[in-house]
Amino acid sequence: MKREELEDLTWDWLQTVSDEVLPVLLDFSSNAFGGNLAIGLGKCSELQVFRAGHNNLSGLLPEDIYNATKLEEIALPINSLCGAISDKIVNLTNLKILDLYLNQLSGKLPLNLGKLSKLKFVTIDFNNLEGTFPASLMNCTNLVELRLGFNNFEGDISMLNFSKFSQLTKLDLWSNNFIGMFPVSLYSCRYLKAIALTGNHLEGQIQTEILSLKSLSFLTLGYNRFTNLTGTMKILMSCKSLHTLSLIGSFFGEGMPFDDGMVDFDGFQNLRLLNMAGSNLTGEIPIWLSKLKNLGILALALNQITGPIPSWLGNLPRLFFINLSYNRISGEFPKQLCRLPRFVHEPIASHVDQYEFELPTYNNVTVNQTFLQFKLSFVPATIDLSNNNIVGDIPTEIRQLHLLYQLALSSNNFSGVIPDQISNLKNLEVLDLSMNHLSGRIPSSLASLNFLKKFNVSYNNLGGPIPTSTQIHIFGCMWFFGC
């Protein structure tokens, strides 16, 4: 049977099913269904679960779905549904899960949404919803996860009383238009594991009361107007469960957090990701970072950091992603980076890091791309030192970085030749050495790098033939221009 015929049959069946049977669960997830949702769900008087996520559905939510009053779960993520969520949704008093993630829904949330007192999971991020945070939602005291990110919601969230959410574990307000300060009432939500406030218009300082959130492992505060970075970091260092901390684009123009007490204090011992990029921070890379033995991702790009790259970075046993691009860093490429264990040795299966972010990370911290990931292991092994003032040769010890996927050294003052040893990096997908002072020939051995997606050596002093490799020749002359 053809796919189109299967679609028609399934949705025709849905329109008539209520005349013959009374289903409790309908699951059409992860297929290729298209068009509008069929009328008829409202007649399924025993229906408790309706799932049709990961399809190509469009149009409005059918009005009669709100007549299926025994519904406990509506899951329609990753479609193209549009229009507003009807006020009639308050008829679904048994609803526990509302998942409309990644659609094209618009309009305001129903003012009486709080009448759905059994709600536990509300996932409506990545839509075009707007308006203020419905105050009645505070009556949904059973909420476990509330995800409103990447919409156009507004209002002063510091005026909301989040303390009623005694079971809340995840709060995602990422990329909206909220104003105010960090909500003090959140400190009463003792089960909170994840808070995402990046991309709003919040201001003020983080208070020590945040330490009452003993389970907090994921915190993003970026692209806001928070102040006192050093004070904030001294407080957060004591969050023993913290795994992910992103402050990208916040604390603008302040100094890199440094304090003698921070050096002596063993904080952030479980931190896996630290993102302080895009904040125009001044100063040098602080030595207290040398104690973060579980750190895997370090993103300090787009600041005004000066001084050399410290050699102790090469001693961090889990570090596999380093982005120091667009700073004013000087000195040479430290050979110690070529000994980082996560670049050198393939971990045995039992040691592969299976850590999953509590919420998806979404940051411009990789080379010319973003990542929207739940797993740490999905992030590519990267060294990005581009757009700095680094001098000297590219060390031959670079041959040890067998597991490296991305190497970006462009727009620096590297001199000497391109080391033949780069050909040992068999996993390399990005190699950007452009806009330096490299001389000599492009090593013919680079033709063996079969996975290259980006290869750029333009604007150097290179000569000789271009290596004969299908993989290298596909890039065209622009990547060699000015050699």
- Determine whether PHE133 is touching a residue at least 12 places away in the same chain (Cβ under 8 Å), over 25 Å from ASN55 (Cα atoms), of a type outside the set (Gly, Ala, Ser) and touching a strand residue (DSSP E or B) at 6+ places or on another chain (Cβ under 9 Å). yes
- Query: Is there a residue in region 393-405 that is under 16 Å from LEU433 (Cα atoms), modelled with pLDDT of 95 or more and touching a Ser or Thr at 6+ places or on another chain (Cβ under 6 Å)?
  - Reply: no
- Query: Do we find that SER238 is within 22 Å of the chain's Cα centre (by Cα) and surrounded by fewer than 22 Cβ atoms within 10 Å (Cβ to Cβ) in this structure?
  - Reply: no
- Message: Conditions first: (1) modelled with pLDDT of 95 or more; (2) touching a helix residue (DSSP H, G or I) at 6+ places or on another chain (Cβ under 7 Å). ASP259 passes all but one, so which condition is the exception?
- Response: (1)
- Message: Residue pairs, Cβ under 6 Å, 6 or more apart or interchain, first in region 397-426 and without any contact (Cβ under 8 Å) to a residue 40 or more places away in the chain and more than 14 Å from PRO341 (Cα to Cα), second of a type outside the set (A, V, I, L, M, F, W, C) and buried (at least 22 other Cβ atoms within 10 Å of the Cβ). List them.
- Response: SER411/SER386; ASN412/ASN388; ASN412/ASN436
- Which of the residues spanning region 280-315 are assigned to a loop (DSSP other than H, G, I, E, B) and closer than 19 Å to ALA381 by Cα? LEU292, LYS293, ASN294, LEU295, GLY296, LEU300, ALA301, ILE309
- Those strands (runs of 3 or more DSSP E) completely within region 146-245 that have 1 or more residues that are of a type in the set (Val, Ile, Thr) are 177-181, 194-196, 218-220
- Query: Just to be sure, is THR382 β-branched (Val, Ile, Thr), within 26 Å of PRO317 (Cα to Cα), surrounded by fewer than 23 Cβ atoms within 10 Å (Cβ to Cβ) and under 32 Å from the mean Cα position of the chain (by Cα)?
  - Reply: yes
- Message: Looking at the structure I just gave you, is ASN94 at pLDDT 95 or above and of a type outside the set (D, E, K, R)?
- Response: yes
- Item | Odd one out for ARG342 among (1) over 23 Å from LEU229 (Cα atoms); (2) modelled with pLDDT under 80 | (2)
- Within region 369-425, residues outside any strand (DSSP E or B), of a type in the set (Val, Ile, Thr) and under 30 Å from THR244 (Cβ atoms) come out as VAL379, ILE390, ILE398
- Item | Residues of region 78-104 classified as out of contact with any Phe, Trp or Tyr (no Cβ under 8 Å at 6 or more places or on another chain), more than 17 Å from ASN128 (Cα to Cα) and among the aliphatic types (A, V, I, L, M), total | 2
- Restrict the check to region 253-261 and report whether at least one residue is among the charged types (D, E, K, R) and either assigned to a loop (DSSP other than H, G, I, E, B) or crowded, with 18+ Cβ neighbours inside 10 Å (or both). yes
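The values are calculated or read from the model by the stated rules, or taken from the named source; none is laboratory data. All values reported here derive from a predicted model rather than from experimental measurement. Cβ atoms come from the backbone with ideal geometry, glycine included; neighbour counts cover every protein chain shown.
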